[in-house]
Amino acid sequence: MDTIIELKNLRVEYKGQSGGQDPKIAVRDLNLRVEAGQVFGFLGPNGAGKTTTMNVLLGFVPPTAGSASLFGVDVREPIARQRIGYLPELTYYYKFLTAEELLRFYAKIFGLTRSETDKRIIALVKLVELESASKRPIKTYSKGMQQRVGLAQALINNPDLLILDEPTSGLDPLGRMKVREIIQRLKNEGKTVFFSSHELGEVETVCDRVAIIHQGELKMEGSVSDLTAKYQTNLEQIFLDIIGYQSKAPLRN
């Protein structure tokens, strides 16, 4: 299988706020591979280094040491990012636009022709189940609908790799289910999906493989089925054990 994402001894440091402070290590010697067609869950508590790693892949943050590549091309080369789509955790769109107008705007950025754009918009609006609302202003959308518009814009260029940062954050159960269904459809189309999430039940349902990082270090990586079989428990408990969480007994009156 083709390697879509490869990290080799990736290290990212941020300088201290004052000259005398030691640099903060956000990602520490991370090695990871994601193969074509996989849905890969990138897990860790807040501050673990997930978003920093994604920012390296997107070219927003340079690595301090090591390397990162997409489709075999160094992420520092602009061509490496031509085949990816990205959905950030916090999205902001011009809410006076309709979904169709927003998608047409992003299509122009990618240089799609008018006929290509029309076809993509029809297909994507159907994929994210917004046919009946595609001509309404985004300001009238629920949180879940706005998230699905975000997925549509991330797919406008028909990318081979989709990078999603907390795609179900803040969604109700119905919204999470719809996003999960969309990810499953993308997998069926042969897309590779790399996403972070705190919804471990969702991850366990939809992912082929997962990696768990803590304090910038890779703690565990493998298929969901292998990990749950090996440790005889669900992914959430494995995650909590790795980060050293110990539940406290409830207070009694």
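The values are calculated or read from the model by the stated rules, or taken from the named source; none is laboratory data. What you are looking at is a predicted structure, and each value in this text was computed from that prediction instead of being measured. In this analysis, Cβ positions are derived from the backbone assuming ideal geometry, glycine residues included, and neighbour counts consider all displayed protein chains. Side chains included, ligands, DNA and RNA excluded: accessible areas come from the protein's heavy atoms. Shrake-Rupley method; radii C 1.70, N 1.55, O 1.52, S 1.80 Å.
Sparsely packed loop sites in the range 8-76 (the trypsin sites (Lys or Arg not before Pro) outside DSSP H, G, I, E and B with at most 10 other Cβ atoms within 10 Å) comprise K15.
Legend: P(r) of the range 151-216 from all alpha carbon pair distances, 10 Å bins from 0, whole percents, reading 18, 56, 24, 2. Orientation-averaged projection of the chain equals 17.5 nm² [convex hull of Cα atoms, one quarter of hull surface area]. Positive contributions from Lys and Arg (+1) and negative ones from Asp and Glu (-1), summed over other residues with Cβ under 13 Å from the Cβ of L218, come out at +4. With contributions of -39500 (n - 2.57) from each DSSP H run of at least four residues, the per-residue ellipticity at 222 nm computed over the chain stands at -10000 deg cm²/dmol.
For the range 72-220, just say rounded, prolate or oblate: build the C-alpha gyration tensor, square-root its eigenvalues into a ≥ b ≥ c, call rounded for a/c under 1.5, and beyond that prolate if a/b exceeds b/c, oblate if not.
On the way: a/c = 1.84, a/b = 1.27, b/c = 1.45.
Note, shape of the range 72-220 comes out oblate.
Working note: Debye formula, equal point scatterers on the alpha-carbon atoms of the range 171-253, no solvent; log10 I(q)/I(0) at q = 0.27 Å⁻¹ is -1.36. Roughly how many whole Å is it from the C-alpha centroid of the range 30-50 to that of the range 221-246? Each part's Cα centre sits 15 Å from the other's.
Efficiency by 1/(1 + (r/R0)^6): what FRET value for A36 and E77, r their Cβ-Cβ distance, R0 = 25 Å, to the nearest 0.05?
0.80
In plain terms, the chain from E181 to Y94 could stretch by 28.7 nm, reckoned as 0.36 nm per residue minus the Cα-Cα distance. Taking the 1.4 Å solvent-accessible surface of the range 51-179 as the whole, the part contributed by carbon and sulfur is 55%. Across every direction, the projection of the convex hull enclosing the Cα atoms of the range 11-82 has a mean area of 5.7 nm².
Starting from the Cα of T3, move 7 Å in the Cα-to-Cβ direction to define the label point; list residues of the range 36-51 whose amide nitrogen is under 16 Å from there. Answer for the range 36-51: 36-38.
Accessible surface ranking for M145, M177, 1.4 angstrom probe, highest first: M177, M145. An ellipsoid equivalent to the range 32-71, defined through the eigenvalues of its Cα gyration tensor, has semi-axes of 17, 16, 8 Å when rounded to whole angstrom and sorted largest first.
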